[in-house]
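The values are calculated or read from the model by the stated rules, or taken from the named source; none is laboratory data. Bear in mind that the values here come from a model prediction, so they are computed numbers and not experimental data. Glycine gets a Cβ as well: all are built from the backbone with ideal geometry, and neighbour counts include every protein chain shown.
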Amino acid sequence: MILVIGGGITGLAAGRTLASRGAEFLILEREAEPGGWCRSIRSGDYLFDMSGHFLHLSDPVMRDWILRLGGVSWDTVSRDARVFLRGKVTPYPFQANLHGHSRRLVARCLSDFAAERIRDAVGGSPAPRNFREWLVRRFGMGMCREFFFPYNRKMWRTPLRDMGYEWTSWSVPVPAFQEILAGARGETRTGMGYNPSFLYPRSGGMGSLVRTLAAPLKDRLRLGTEIVRIDTKKKVAWSAGGERIRYDAVLSTAPLDRLVRACAPVPSAVRLAAGKLRWVKVLSVNLGVRNPAATLGHWVYVPERSYPFFRAGFLSNVSSSASPKGGASLFVEKSFPSGARVDVRGEIRAAVKHLERMGVLRRGQEPDAAVPVMLDPAYVVFDHAREGAVREVRERLARRGIFTAGRYGSWDYNGMEASMADGIRTAGAVLRSVKGDGA
Ligand SMILES: Cc1cc2nc3c(=O)[nH]c(=O)nc-3n(C[C@H](O)[C@H](O)[C@H](O)COP(=O)(O)OP(=O)(O)OC[C@H]3O[C@@H](n4cnc5c(N)ncnc54)[C@H](O)[C@@H]3O)c2cc1C
């Protein structure tokens, strides 16, 4: 029997694969409904996702797999992402759309960018040693000071020198010099980056994907059941309610550090490695607002320190079913170090105040609905210890029949597509391990 821990989209995609191969398996989910961070929430007339969740597809095999699930009518949406800086709103990405900022800011960004290109051309620059150096080499100090440093510090809550950069090269677009000059002249460049368009369900929010994934797995999905202990020798797991479950292999999507805490016996090297894993949590404050003063595209990046959140998003500009006509379903995201105490009510008040300051809410406007969601973990931190620590934990657990998958099981930056692909792939690996299945 294969025990799948977690009924998020990774566990559900794994379950779909196990079912199609006729495997005996059970998915255990701690919460009262499946979907993890991809659930949607209704509050009065408003629909929210747990936080901004837009489906970016890059793998044709996964595109086909997702579209064949049926059950969801997908809209293809051309991304409208923006940057809010010094009271101005410009198109994303910042580096390719400098037009609209002060002449001084533009000149500084361009000359520092050019200086880095000259350094490249004459050679001799050693490879960057950390994320901070990588940013300076790619964009120059001007753009770093204005956008990349403050934005990334707000998001990662970690000194940028303590982070690696291998994870980021696919997600941060690096335009050519001519493109940056064109953007500074006002020729808008919006289609750059990994997600120029994305899919979103026509109705029901991202939770529609979850409902579709879960529908054929009802008999194999047990909700409200948290796994708290795993005896890796006897191959027995215990739920918080004291239920004892025998297994042949585990496919876990639970956060890696918490999984290790639940497992015994495990070598001390595994506990040591798990102790090195770092992450941030994100408070997403979802607000339902009647007749806002303005909305800013699908989402807007907010790098300045004087605003508490790093991004604000407008779900009702993606899906009209998310709010009543004339209203807006919006969210702001703020990161915190994993252990931080958070005054959620205070954060809601701050979100409203700063949305008013940005010109989104009218003066004194109170939202009709406020739904805060703490995503913990949200982003794993790519510090220098991460790669070795993750390898140590995952390889040693796999030798004991415990395979891990998904954003937090792989301890990676996986979006939804990559998480589901990982669930499918890992289900195949688990089957091969338990019965030499040729799949
Ligand atoms: C702020 C934010 C914004 C994002 N935006 C996007 C986006 O726009 N596009 C995109 O593609 N991706 C986005 N993502 C990534 C996306 O959320 C993940 O790829 C996806 O949710 C990963 O699914 P998962 O099943 O691996 O993990 P989760 O969603 O965390 O699901 C894991 C499940 O396991 C359950 N569980 C954990 N421990 C136990 C236990 N011991 N016993 C039983 N059950 C347990 C949890 O309750 C949960 O339901 C975003 C993530 C964050 C944090």
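Can you tell me which residue among G423, G428 is away from the ligand (no atom under 16 Å from the Cβ) and either assigned to a helix (DSSP H, G or I) or in the same structural domain as L18 (by TED's automatic domain parsing) (or both)?
When all the criteria are applied, what remains is G428.
Scan the range 137-185 for residues that are among the acidic types (D, E), more than 19 Å from R311 (Cβ to Cβ) and modelled with pLDDT of 95 or more and jot them down.
Answer for the range 137-185, where residues must be among the acidic types (D, E), more than 19 Å from R311 (Cβ to Cβ) and modelled with pLDDT of 95 or more: just D162.
Looking at the range 1-36, which of its residues are more than 14 Å from the ligand (Cβ to nearest atom) and part of a loop (DSSP other than H, G, I, E, B)?
M1, R21, G22, A23, E24
Which condition breaks for G52 when tested against (1) at pLDDT 95 or above; (2) farther than 15 Å from A13 by Cβ?
(1)
Consider the range 12-27. How many of its residues are crowded, with 23+ Cβ neighbours inside 10 Å and in contact with a strand residue (DSSP E or B) (Cβ under 8 Å, 6 or more places away or on another chain)?
The qualifying residues number 6.
Only one of V300, V250 is crowded, with 22+ Cβ neighbours inside 10 Å, in contact with a Lys or Arg (Cβ under 9 Å, 6 or more places away or on another chain) and over 23 Å from M374 (Cβ atoms); which?
None of the others qualify; the one that does is V250.
For the range 126-219, which fully contained helices (runs of 4 or more DSSP H) count at least 1 residues that are touching a Phe, Trp or Tyr at 6+ places or on another chain (Cβ under 8 Å)?
131-143, 149-156, 177-185
Could you identify the single residue in V332, V373 that is free of Cβ contacts under 8 Å to residues at least 60 places away in the same chain and in a strand (DSSP E or B)?
V332
D376: within 19 Å of L277 (Cβ to Cβ) and out of contact with any helix residue (DSSP H, G or I) (no Cβ under 9 Å at 6 or more places or on another chain), yes or no?
For D376, the condition - within 19 Å of L277 (Cβ to Cβ) and out of contact with any helix residue (DSSP H, G or I) (no Cβ under 9 Å at 6 or more places or on another chain) - is met.
Every residue in the range 264-287 that is outside any helix (DSSP H, G or I) and basic (K, R), please.
Result: K276, R278, K281.
Here are some residues: G71, G100, G87, G44. Which one is assigned by TED's automatic domain parsing to the domain that holds L135 and either more than 21 Å from the chain's Cα centre (by Cα) or without any contact (Cβ under 8 Å) to a residue 60 or more places away in the chain (or both)?
Sole residue among the options that is assigned by TED's automatic domain parsing to the domain that holds L135 and either more than 21 Å from the chain's Cα centre (by Cα) or without any contact (Cβ under 8 Å) to a residue 60 or more places away in the chain (or both): G100.
So which residues in the range 136-181 are under 24 Å from the mean Cα position of the chain (by Cα) and among the β-branched types (V, I, T), if there are any at all?
Selection gives T158, T168, V172, V174.
Would you check if A389 is closer than 30 Å to V72 by Cα and surrounded by 16 or more Cβ atoms within 10 Å (Cβ to Cβ)?
It is false that A389 is closer than 30 Å to V72 by Cα and surrounded by 16 or more Cβ atoms within 10 Å (Cβ to Cβ).
Is at least one residue of the range 67-80 at positive phi and either exposed (fewer than 15 other Cβ atoms within 10 Å of the Cβ) or not in a strand (DSSP E or B) (or both)?
So far as the range 67-80 goes, yes, one or more of its residues are at positive phi and either exposed (fewer than 15 other Cβ atoms within 10 Å of the Cβ) or not in a strand (DSSP E or B) (or both).
Report whether or not V393 is modelled with pLDDT under 95, away from the ligand (no atom under 15 Å from the Cβ) and of a type in the set (A, V, I, L, M, F, W, C).
The answer is no for V393.
In this structure, does M143 turn out to be among the aliphatic types (A, V, I, L, M), surrounded by 15 or more Cβ atoms within 10 Å (Cβ to Cβ) and more than 30 Å from D376 (Cβ to Cβ)?
The answer is yes for M143.
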